[in-house]
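Colleague: Please read through the structure below; I'll follow up with questions.
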Amino acid sequence: MIYKSTSAGFSTGKVLGIATHITTQELIQEVNGERIKKGLYPLTHNPKLEKAAYDKAKNMFQYNYWAHYGPDGSTPWDFIRAEGYEYEYAGENLAKDFMFSQNVVDAWMASPTHRENILRDRYTEVGFAVVDGTLQGLPTTLVVQIFGTPFLTKNESHTKVLAESYTPTHTYFGYTLKKISFNSGLLFLVLLFLVLIIDLYYAYRMRLVRITGKTLAHALFFIIIMTALLITAKGTIL
Amino acid sequence: MSKKDSFIRYIANEIKIHIFEYLLLTTIAVFFVFLLSLFKGESQSQFIIMVFFAITYLAWGIIHHIIHHTFHLKIVIEYILIAALGIFLLQILLLL
């Protein structure tokens, strides 16, 4: 969702998704990585926007909703203004049910409206919040991303970004213990599948007569488990 | 004909002989994946769906072997272990 304070128009778009290991540091690095690829300025972290994002996430848990607008009529801009952030442009992206930071950003990049928000050159600052809670009776991790361009200080801010804030060296390598565990689990499933196929091949080659189950069915079963794993690990887009 | 080709033919032939059973298993699997995506984000519902799929797979195996007169306790244990391993991996990986 984007909003320009000087115009009445705004557009909407949301990525709504279980985060089990998402950090704001990784999110900002991923988002800035996408912006840099497109030759855009990286966004700087703003504590006020971060607090606004946190309050928005808390509000969604408190009033049990999953939307840009609250049931009480509250808008994302209310949370930004409440922190004393005077913006010229502002935008919001939401996500839930994702396992990793990279998946969140990938899902946003796959959605035209969210992608537009991330790659909007007018934005100079960003704030993220990753908050755990219970939403609609289910344990959920919400990710709220709020973009902003401070009112009247856009050029100043850009200069500041270029001059001070951006360090092009990535210190984050994209592999956490959880991610490694998840990938090893997938690898284990693939190995199990291969073992079944090799077993089937040698049983065929050696013309073995065995009292066993259907190896082919077991292989199919593991393919389905792998597919299910990939489906459930991915968040949802609303 | 190479050994690889004849192995593929062997698998194709195996599927052809038991086409109805494999089609049934594939249909159940597709339905399972569809249900999982339908209940995306609802971990409790997804766990119940996984358990149902594992039980269905076990039932499929038992019925298949009864029909083909190859039913044996060892086979039942094999299917139980495979189904349990599937649920265990899926659940453990998702709860990490």
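The values are calculated or read from the model by the stated rules, or taken from the named source; none is laboratory data. Note that the coordinates shown come from a computational prediction; the quantities given were computed from them, not determined experimentally. We place every Cβ from the backbone using ideal geometry, glycine too, and count neighbours over all the protein chains shown.
Colleague: Go through the range A:88-115 residue by residue and tally those that are of a type in the set (A, V, I, L, M) and closer than 16 Å to A:K56 by Cβ.
Modeller: Final tally of qualifying residues: 4.
Colleague: Collect the residues in the range A:98-139 that are hydroxyl-bearing (S, T, Y) and part of a strand (DSSP E or B), keeping them in residue-number order.
Modeller: Hit for the range A:98-139 is A:T134, nothing else.
Colleague: In addition: If I ask for residues that are surrounded by fewer than 18 Cβ atoms within 10 Å (Cβ to Cβ) and under 27 Å from A:L187 (Cβ atoms), which ones from the range B:59-84 would you list?
Modeller: Once the filter is applied, which keeps residues that are surrounded by fewer than 18 Cβ atoms within 10 Å (Cβ to Cβ) and under 27 Å from A:L187 (Cβ atoms), the range B:59-84 yields B:I77, B:I80, B:L81, B:A84.
Quick grid of which residues meet (1) more than 7 Å from chain A (Cβ to nearest Cβ); (2) on the phi > 0 side of the Ramachandran plot:
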{"residue": "B:F20", "(1), (2)": "yes, no"}
{"residue": "B:I28", "(1), (2)": "yes, no"}
{"residue": "B:L58", "(1), (2)": "yes, no"}
{"residue": "B:H69", "(1), (2)": "yes, yes"}
{"residue": "B:E78", "(1), (2)": "no, no"}
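Colleague: Also: State all residues of the range A:57-97 that are in a loop (DSSP other than H, G, I, E, B) and charged (D, E, K, R); if no residue qualifies, say none.
Modeller: Scanning the range A:57-97 gives A:D72, A:E83, A:E86, A:D97.
Colleague: Right, here's the next one. Among the residues of the range A:186-217, how many are in contact with an Asp or Glu (Cβ under 8 Å, 6 or more places away or on another chain) and of a type outside the set (G, A, S)?
Modeller: Qualifying residue count, the range A:186-217: 3.
Colleague: Can you work out which of the residues in the range A:1-23 that are β-branched (V, I, T) and surrounded by 20 or more Cβ atoms within 10 Å (Cβ to Cβ) is modelled with the highest pLDDT?
Modeller: Among those residues, the one meeting the criterion is A:I22.
Colleague: Output the helices (runs of 4 or more DSSP H) that fall wholly within the range B:1-84 and possess 2 or more residues being among the β-branched types (V, I, T) and under 12 Å from the mean Cα position of the chain (by Cα), or say none.
Modeller: B:19-38, B:43-67
Colleague: So A:Y54 fits all but one of (1) more than 14 Å from chain B (Cβ to nearest Cβ); (2) part of a helix (DSSP H, G or I); (3) under 30 Å from A:N183 (Cβ atoms); what number is the exception?
Modeller: (3)
Colleague: Could you check the range A:143-238 for helices (runs of 4 or more DSSP H) lying wholly inside it with 3 or more residues that are more than 10 Å from every other protein chain (Cβ to nearest Cβ), modelled with pLDDT under 80 and surrounded by 14 or more Cβ atoms within 10 Å (Cβ to Cβ)?
Modeller: In the range A:143-238, the matching helices (runs of 4 or more DSSP H) lie at A:154-160.
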